[in-house]
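Every number in this text was worked out from the coordinates using simple rules, so none of it is lab data. Bear in mind that the values here come from a model prediction, so they are computed numbers and not experimental data.
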């Protein structure tokens, strides 16, 4: 079962640090079916605890995450920002994201300035413990406190390693909260992509660094585990 936004009070517990728009709702559904108590920190930043805890998280290509968030806001009427974003073009949205006159900090729910807060180095902010500029702290926290970092563009592979690390069972992968009717990245104007990249340099570096480590992990597995991984991929991708 999953325990939301509570202090982790058991040694060696697993805690999912959920960064928005990284396949978290799909993972919540899978975690809820496990026998273990699994903590989920939603809208909470990482913090070091006195007890030994197994943190894990998912990362997403930062440009893709921002674009997904824009289209999510435009279709999700319950969002506090829906009526402010529904008629904005993607270019207008990105212009707002890169407006450096807006301080990059959280605001009240309906405040438009949250658009910048939620789309500028958000992964770095979450994993560093609250500072979107502290890339090195984010990397250090991953090295010292995270049992696993997965990736939305390698979701099936990521679930395989979660299964192995925590001895969990995933019999199916029903996708939840997907942003529908949005263009693919290669359909987005290059200038918009460059603008998003410009204000997400730390998240891009964090994503590339962690992804490189993940690929190394895959390349280092033994023959039996490689065969098991390939069977797992075929099971869910076919």
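Taken over segment 88-183, the ratio of Cα radius of gyration to 2.2 N^0.38 Å equals 1.37.
Taking every Cα-Cα distance in segment 18-88 and sorting them into 5 Å bins from zero, the calculated P(r) comes out as 3, 13, 19, 19, 19, 12, 8, 4, 2, 0 percent.
Annotation: average projected area of segment 1-136 is 8.9 square nanometres, based on the convex hull of Cα atoms across all directions.
Stretching residue 147 away from residue 76 to a fully extended chain increases their span by 22.3 nm, per 0.36 nm per residue minus the current alpha-carbon distance. Our note on the geometry: Cα centres of segment 95-110 and segment 4-77, 23 Å apart. Once the Cα-Cα distance is subtracted from the 0.36 nm per residue extended length, the residue 103 to residue 33 segment shows a gain of 21.2 nm.
Divide the volume of the convex hull around the Cα atoms of segment 4-45 by the residue count and you get 68 Å³ per residue. Principal semi-axes of the equivalent ellipsoid, √(5λ) from the alpha carbon gyration tensor of the chain, are 29, 21, 18 Å from largest down.
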